[in-house]
There are 4 protein chains.
Amino acid sequence: MTIRALVWNENVHETTQDDIRAIYPDGIHGAIAAGLEELLGDDVEVRTATLADPEHGLSEAALDETDVLLWWGHIAHDQVDDEVVARVQRRVLGGMGLIVLHSGHFSKIFIRLMGTTCSLAWRNEGEREIVWTTAPGHPIAEGVEQPFVIDRQEMYGEHFDIPNPDDQVFISSFAGGEVFRSGVTFTRGRGRVFYFSPGDQEYPVYFHPQVRRVLANGVRWAAPTPGERRTPEVSNPARRDWS
Amino acid sequence: MTIRALVWNENVHETTQDDIRAIYPDGIHGAIAAGLEELLGDDVEVRTATLADPEHGLSEAALDETDVLLWWGHIAHDQVDDEVVARVQRRVLGGMGLIVLHSGHFSKIFIRLMGTTCSLAWRNEGEREIVWTTAPGHPIAEGVEQPFVIDRQEMYGEHFDIPNPDDQVFISSFAGGEVFRSGVTFTRGRGRVFYFSPGDQEYPVYFHPQVRRVLANGVRWAAPTPGERRTPEVSNPARRDWS
Amino acid sequence: MTIRALVWNENVHETTQDDIRAIYPDGIHGAIAAGLEELLGDDVEVRTATLADPEHGLSEAALDETDVLLWWGHIAHDQVDDEVVARVQRRVLGGMGLIVLHSGHFSKIFIRLMGTTCSLAWRNEGEREIVWTTAPGHPIAEGVEQPFVIDRQEMYGEHFDIPNPDDQVFISSFAGGEVFRSGVTFTRGRGRVFYFSPGDQEYPVYFHPQVRRVLANGVRWAAPTPGERRTPEVSNPARRDWS
Amino acid sequence: MTIRALVWNENVHETTQDDIRAIYPDGIHGAIAAGLEELLGDDVEVRTATLADPEHGLSEAALDETDVLLWWGHIAHDQVDDEVVARVQRRVLGGMGLIVLHSGHFSKIFIRLMGTTCSLAWRNEGEREIVWTTAPGHPIAEGVEQPFVIDRQEMYGEHFDIPNPDDQVFISSFAGGEVFRSGVTFTRGRGRVFYFSPGDQEYPVYFHPQVRRVLANGVRWAAPTPGERRTPEVSNPARRDWS
């Protein structure tokens with residue numbers, strides 16, 4: 001079954017800063033979408049949407065056609081409409097997969113789903129990040145090199161204020177000595193959520209073959225189980241005779 | 001060290017319905033507070049607060065003196081001020097314990113900390129509830145009878161839409177055949193959260209000795225580790241020389 | 001990709017007791033195998049093996065061709081050769097899926113993978129079991145009725161002495177009031193493990209359409225991620241130059 | 001209540017190698033015991049036992065008087081009697097706390113409780129280890145510096161083949177770029193288990209003030225809940241009338 005992936009990007013850096021556009025001429029969303037198409041081929045149908053689109057490209061109709069939503073945001077988190085965030089949350093709880101990327105840790109949708117501050121330590125000096133697999137049998141780690149290296153990256157370090165994840169898939173170390181739980185999964189309602197930290201507007205991380213592999217695996221993993229997609233809701237059943 | 005517990009109750013049923021006041025003449029908060037004092041003695045210092053108090057009795061100053069907050073609400077969830085909810089959430093993330101009771105599953109604070117709908121199935125026909133311990137070595141289960149019976153209770157049933165809990169302490173069955181994860185724990189930030197479903201305004205559940213035992217244990221368990229209490233926050237450390 | 005499932009059954013009750021053979025004329029393994037073939041069709045290739053087979057039908061060669069092993073045992077747990085158990089454990093740690101059924105909670109392989117006693121409460125009076133889904137978005141719950149009823153079953157009750165599971169998929173209640181975590185998952189090494197309690201030699205549970213649905217879903221879920229299957233082992237890497 | 005801690009050490013390196021005895025003149029167990037006494041004072045009563053003692057110092061009588069057992073072993077894992085291992089396991093399942101140290105990851109008791117290979121990557125070149133707290137509200141992290149540095153240590157790296165831990169308390173990075181889940185907790189039966197990797201016979205790690213703090217916190221955390229200590233066992237209850 002074809003997975004319908006929607007790559008959402010605030011697309012602000014790329015449209016306002018020449019140096020960023022030079023790295024991501026098609027936007028971060030374009031780079032991510034290309035990676036998914038390259039690795040998943042006919043198994044995926046990829047669309048993109050950005051902050052500037054009407055309803056940020058996240059109308060009910062758009063979400064109706066989305067199995068997995070990927071989310072990249074950074075300097076414009078507060079420009080995302082609260083109503084759209086609530087809508088996306090309902091969809092996740094109803095079964096839509098969500099992959100939150102890098103600085104998306106501070107997005108409204110991630111904070112709402114986690115219930116914590118989602119704060120962390122950071123330093124932007126283009127440090128070497130080494131990504132280690134801690135769950136080698138996990139579908140998201142399939143075919144991923146152990147470890148893989150990103151030559152230059154923003155440092156994200158612990159303490160990362162998130163709830164206990166369901167699965168701990170990747171942990172990164174940085175040249176400066178910090179560590180970070182860089183790949184973690186959660187279940188919220190019927191939906192599967194994957195947070196993956198590698199990826200930044202200043203470094204061409206989304207062209208890295210191993211990062212692309214992780215994102216492709218993540219899309220497969222987060223795709224909802226076939227069948228009913230419905231946000232959980234309260235019910236008031238009559239007492240039944242089970243015999 | 002004395003644990004400072006604050007029992008919060010919306011206190012609406014008791015002040016507006018004679019039949020409820022007959023069950024809880026000192027309010028649900030009064031019954032819970034009495035239970036804690038009975039079982040924890042000098043180890044606890046109990047205060048109470050209600051919706052009608054200024055700032056709902058949950059000012060910064062009041063929270064400064066609170067180690068564990070117990071929360072009971074039902075028909076007035078939406079009257080709780082959003083700013084107070086955000087304040088309580090920050091405190092929990094900073095280390096304050098939180099015990100959410102029964103219909104508090106739909107409180108703003110619980111929903112914000114969970115990130116899910118927190119919906120469930122319910123039926124109010126005064127059914128027998130049997131509470132089974134699934135984690136006999138857990139501090140919250142200490143000295144609790146396996147199982148214990150509540151003669152008449154509102155039924156709460158699965159699916160209960162919560163994230164995977166850290167620990168699964170109690171599961172209940174009801175006369176009608178339903179089951180419910182009636183005692184579950186979570187970590188959010190530095191804070192420990194315990195949800196316990198037995199307890200309702202129409203039944204004298206908070207006078208039940210086993211329920212009182214669970215709440216007393218819960219207060220001990222949720223009390224913060226001595227030392228720093230601080231909401232996690234973002235940091236931007238310089239690169240250090242570790243040698 | 002075709003999943004190669006191997007249904008293992010001690011096959012003692014069926015070969016020594018007429019009343020059990022009347023319920024399971026093709027053995028419990030035969031009933032389970034038929035259910036998998038019925039529901040998974042060409043997606044699965046099912047074989048069976050029993051205690052009486054050479055090496056219990058679990059030679060290295062047989063396991064080489066097994067993606068998911070289903071395990072049913074009861075009165076002959078101690079007749080399973082320790083070397084075979086160690087072999088199966090290594091395979092699970094290397095990525096082979098394992099589904100442990102009903103009284104298999106006391107099998108050597110399950111106890112070894114859990115590290116606990118795996119003890120529980122039981123009573124065999126043909127009680128009604130109601131199976132509730134607690135993780136409606138989980139692949140194992142796909143298309144399963146909420147709840148489903150097994151008219152007559154052996155009661156399994158808490159406390160079930162297992163480690164905290166990864167996912168809590170089903171909880172059962174029994175006519176006698178007991179509850180049981182009847183569907184739980186674990187990760188061990190690269191392997192996925194699913195324990196499912198409904199199923200007994202004295203009741204035709206493995207012909208129940210909902211039980212068959214769960215087992216078929218379980219086989220899909222437990223099948224290893226494509227790629228490397230290898231038991232984790234110690235390594236002594238030289239220090240690398242990551243630049 | 002005084003916690004009765006028993007520090008177990010194989011005590012082979014210290015009695016056979018002058019260079020190791022120079023680092024740990026009172027044995028690794030002596031150094032650990034001194035640290036616990038220093039930090040916990042009258043709250044703890046510390047004894048030690050070694051491989052050479054009758055029954056390795058782990059008789060039923062000795063375990064009767066033990067609340068928390070700390071375990072250090074390395075080159076003599078296979079000399080530990082299987083019957084003693086089974087006895088310790090039963091005690092843990094019955095509520096005794098267990099702290100497994102460093103190379104104890106390959107001890108019989110840890111492997112039996114985990115069900116996995118407990119394998120990892122290692123390299124002994126005296127590398128700098130930085131230990132980061134990932135659960136700042138956890139009792140085991142109380143008062144521990146974020147991060148703390150061990151100047152020279154054996155490297156332990158991922159993949160560490162353990163089941164998903166209950167709580168992830170510390171993650172370490174090494175000068176060579178590797179990462180390791182260096183502090184993790186588990187529940188097995190009624191018992192609490194803490195694995196902590198810093199500590200080696202060739203480096204004076206057990207004199208490090210932060211390591212001593214972690215172990216003291218660990219002893220407090222792993223101490224059993226007052227009341228019944230009993231290994232879980234099977235039961236066959238009659239059907240009860242709950243009314």
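Summary table below
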{"quantity": "Those residues of segment A:104-128 which are open to solvent by less than 10 Å² (accessible area, probe 1.4 Å), at the interface with another protein chain (Cβ under 7 Å from one of its Cβ atoms) and either modelled with pLDDT under 95 or within 18 Å of the chain's Cα centre (by Cα) (or both), in sequence order", "calculated": "A:L113, A:M114, A:G115, A:T116, A:S119, A:L120"}
{"quantity": "Matching residues, segment A:22-52, being of a type outside the set (A, V, I, L, M) and open to solvent by less than 60 Å² (accessible area, probe 1.4 Å)", "calculated": "A:Y24, A:G27, A:H29, A:G30, A:G35, A:G41, A:T50"}
{"quantity": "When residues of segment D:143-177 are limited to those that are within 14 Å of chain C (Cβ to nearest Cβ) and among the small types (G, A, S), the one nearest to the chain's Cα centre (by Cα)", "calculated": "D:G157"}
{"quantity": "For C:V84: the one exception among (1) surrounded by fewer than 23 Cβ atoms within 10 Å (Cβ to Cβ); (2) touching a strand residue (DSSP E or B) at 6+ places or on another chain (Cβ under 9 Å); (3) hydrophobic (A, V, I, L, M, F, W, C)", "calculated": "(2)"}
{"quantity": "Some residue of segment B:90-99 being open to solvent by 10 Å² or more (accessible area, probe 1.4 Å), in contact with a helix residue (DSSP H, G or I) (Cβ under 7 Å, 6 or more places away or on another chain), more than 20 Å from B:V211 (Cα to Cα) and touching a residue at least 60 places away in the same chain (Cβ under 8 Å)", "calculated": "yes"}
{"quantity": "From C:F207, C:F180, residue being more than 7 Å from every other protein chain (Cβ to nearest Cβ), farther than 30 Å from D:F106 by Cα and crowded, with 22+ Cβ neighbours inside 10 Å", "calculated": "C:F180"}
{"quantity": "So B:R239, is it within 11 Å of another protein chain (Cβ to nearest Cβ) and either in contact with a helix residue (DSSP H, G or I) (Cβ under 6 Å, 6 or more places away or on another chain) or open to solvent by 30 Å² or more (accessible area, probe 1.4 Å) (or both)", "calculated": "yes"}
{"quantity": "Pair list, Cβ < 7 Å and 6+ apart or interchain, from segment C:210-233 residues that are over 16 Å from A:T225 (Cα atoms) and within 14 Å of chain D (Cβ to nearest Cβ) to residues that are open to solvent by 20 Å² or more (accessible area, probe 1.4 Å) and not in a loop (DSSP other than H, G, I, E, B)", "calculated": "C:T231/C:R90"}
{"quantity": "Single condition B:V219 does not satisfy, out of (1) among the β-branched types (V, I, T); (2) out of contact with any Phe, Trp or Tyr (no Cβ under 6 Å at 6 or more places or on another chain); (3) open to solvent by less than 20 Å² (accessible area, probe 1.4 Å); (4) over 17 Å from B:W71 (Cα atoms)", "calculated": "(4)"}
{"quantity": "Any pair with Cβ under 7 angstrom, 6 or more apart, that starts in segment C:129-142 at a residue that is facing chain A (nearest Cβ under 7 Å) and ends at one that is among the aromatic types (F, W, Y)", "calculated": "C:I130/A:W242; C:P139/C:W221"}
{"quantity": "Flag if B:R152 is in contact with a strand residue (DSSP E or B) (Cβ under 7 Å, 6 or more places away or on another chain), basic (K, R) and either farther than 25 Å from A:F110 by Cβ or open to solvent by 10 Å² or more (accessible area, probe 1.4 Å) (or both)", "calculated": "yes"}
{"quantity": "Test set (1) open to solvent by 40 Å² or more (accessible area, probe 1.4 Å); (2) touching a helix residue (DSSP H, G or I) at 6+ places or on another chain (Cβ under 8 Å) - D:G199 fails condition number", "calculated": "(1)"}
{"quantity": "A:L6 being part of a helix (DSSP H, G or I), open to solvent by less than 30 Å² (accessible area, probe 1.4 Å) and touching a Lys or Arg at 6+ places or on another chain (Cβ under 9 Å)", "calculated": "no"}
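The values are calculated or read from the model by the stated rules, or taken from the named source; none is laboratory data. As the structure is a prediction and not an experimental result, all values here were calculated from the model. A quick note on method: Cβ atoms are made from the backbone with ideal geometry, for glycine too, and the neighbour counts reach across all protein chains shown. Remember, those area values only see protein heavy atoms, side chains included, never the ligands or the DNA or RNA. Shrake-Rupley method; radii C 1.70, N 1.55, O 1.52, S 1.80 Å.
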